[in-house]
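Peer 1: Could you have a look at this structure, given as C-alpha cells, before my questions?
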C-alpha cells in the first residue's frame, strides 16, 4: 500500500523565521564567532603582491566546478550520504573598497543529486539551483598564494522527486509525495589563489554549507578560474 505526505504550506515570513531559529539552535552561533574572529586576526594585506595577484583589487568573473559530499535531511526518513560532481558555478567577486582586505563573493550554482533507496533510506532525485553570497577577508600570502577566509548565506530552490523506499529484494514498498522547497542556509569557506597571467587567477576553494531545517548540507572542493573585467 502506498501513502502520501502532505506538502508543507508555510508563508515566506514564517519560513524564514523558523529557518533562522532552527539554524541558530543547531549551530550554536559557531559561524558567527568564526567570522568575528576572522575580522580581528592580523593580515599581511599591506605587503606588496606578486605580479598577477594585484588584479584581485578589480572586479572578476569566473567559472568553477568541483566535487561535494552531500547529506540530505529528509522529513520522512534517513538518507544516504553521497559524493557528487558539481559542474556549474558562475562567480562574480570584487573588493569592497581599495585599501581594505575585504571582498564579496557571489556564486550562482546548479547541482543534481541521486540517492539510492533501501528499507530505511529514502531514494530520490534532486535538482537544486541557488545563489551563495560571502564576505571574505584576505588572510596570508605564502609562496605566491593569497588566502581568503569568509562566511555568508545560501538561498536555493530545490526539487525532491521520485521519493521512495524498497524492500530487501529491491521492490517498491512506499512512495512519498514530491517536495519543492525554498531553502536558506549559511556557509563558511576558505580559498587559496594564485595569478596565472595578468588577467587570470586560479583558485581552490573549500566550503561547508549548513542548511536550516530539512535540506542539503554540502562540503565541497572547487577549482575556480577568475578573469579580470
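Peer 1: Quickly run through segment 131-146 and pick out the residues that are more than 16 Å from residue 92 (Cα to Cα) and in contact (Cβ under 8 Å) with a residue 60 or more places away in the chain.
Peer 2: 138, 139, 140, 141, 144, 146
Peer 1: Scan segment 187-209 for residues that are at pLDDT below 95 and touching a helix residue (DSSP H, G or I) at 6+ places or on another chain (Cβ under 6 Å) and report the count.
Peer 2: 0
Peer 1: Scan 119, 133 and give me the residue that is outside any strand (DSSP E or B) and either surrounded by 14 or more Cβ atoms within 10 Å (Cβ to Cβ) or at negative phi (or both).
Peer 2: On the way: 133 fails: outside any strand (DSSP E or B).
When all the criteria are applied, what remains is 119.
Peer 1: Is it true that some residue in segment 154-166 is farther than 29 Å from residue 129 by Cβ, touching a residue at least 40 places away in the same chain (Cβ under 8 Å) and touching a strand residue (DSSP E or B) at 6+ places or on another chain (Cβ under 9 Å)?
Peer 2: no
Peer 1: Continuing with the same structure: Which numbered condition trips up residue 89, out of (1) at pLDDT below 95; (2) under 30 Å from residue 229 (Cβ atoms); (3) touching a strand residue (DSSP E or B) at 6+ places or on another chain (Cβ under 7 Å)?
Peer 2: The one condition residue 89 does not meet is (1).
Peer 1: While we're here: Scan segment 194-208 for residues that are part of a strand (DSSP E or B) and either surrounded by fewer than 20 Cβ atoms within 10 Å (Cβ to Cβ) or at positive phi (or both) and report the count.
Peer 2: 8
The values are calculated or read from the model by the stated rules, or taken from the named source; none is laboratory data. Since the structure is predicted, the reported quantities are computational estimates derived from the model, not experimental observations. Using ideal geometry, Cβ is built from the backbone for each residue, glycine included, and neighbour counts are taken over all protein chains shown.
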